[in-house]
Amino acid sequence: MLEKNTQRGAASCPQTTGFTRNAVEALRGFTLQITPALPATVTAGATIRFFRRSRYELSQAPDSNFYLAWYDCVASPARATPCAAAEFVSGPYLPLSPTSAPGLRFSFRDSANAITTVPQRVARIGVTIRAQSPRSLRSSGWPSGRFADSLEIAVAVKNRI
């Protein structure tokens, strides 16, 4: 569990660390308390990575278009649901369809490039994005109509669980 002391001035980050340039910045620090304590093998200056549990999906917004939706899924006893309401972060994309490729697709591959559903084996995540203009467009030298485009990228997973 990680707790953050957000009271300004309740902690400091001395200029001697090299992370602050002056006394004002040094006093704007905050304290992170990690429970249980880190093992003794984790020494001062070691890299510690933090993450926030979230979910992404292709969702239909109130305007009837499909967007990439981000859900904040921080577990907390105060929350009645496991994830907060969707925030639409990009789009619009082509809708989900049983007859054509969707506007957004994730594929999870292991180190041998085979599709996997086992989180511990994921070594690369493929992302395919397909979009189309929401209405007919006119552009010099092109016939009037709705234009489509796509993008495909692969993201290597640096530190697997």
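The values are calculated or read from the model by the stated rules, or taken from the named source; none is laboratory data. Predicted model, so just to flag it, every value in this text is computed and none were measured. Note that we place each Cβ from the backbone using ideal geometry, even for glycine, and neighbour counts take in every protein chain shown.
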- Residue count, the range 118-147 (criterion: surrounded by 11 or more Cβ atoms within 10 Å (Cβ to Cβ) and part of a loop (DSSP other than H, G, I, E, B)): 5
- Could you list all residues from the range 79-117 that are outside any strand (DSSP E or B) and touching an Asp or Glu at 6+ places or on another chain (Cβ under 9 Å)? C83, A84, A85, A86, T116
- From the options D63, D72, residue that is modelled with pLDDT of 75 or more, outside the structural domain of I129 (by TED's automatic domain parsing) and touching a Cys at 6+ places or on another chain (Cβ under 9 Å): D72
- Can we say R55 is in contact with a strand residue (DSSP E or B) (Cβ under 9 Å, 6 or more places away or on another chain), at pLDDT 75 or above, in the same structural domain as R124 (by TED's automatic domain parsing) and among the basic types (K, R)? no
- Which members of the range 132-155 meet the condition of being touching a residue at least 12 places away in the same chain (Cβ under 8 Å) and out of contact with any Pro (no Cβ under 7 Å at 6 or more places or on another chain)? Q132, S133, R146, F147, A148, D149, S150, L151, E152, I153, A154, V155
- What is the residue count in the range 148-161 for residues that are over 21 Å from E57 (Cβ atoms) and surrounded by 10 or more Cβ atoms within 10 Å (Cβ to Cβ)? 2
- Query: Looking at the range 34-45, which of its residues are farther than 17 Å from P14 by Cα and either at pLDDT 85 or above or over 24 Å from the mean Cα position of the chain (by Cα) (or both)?
  - Reply: T35, P36, A37, L38, P39, A40, T41, V42, T43
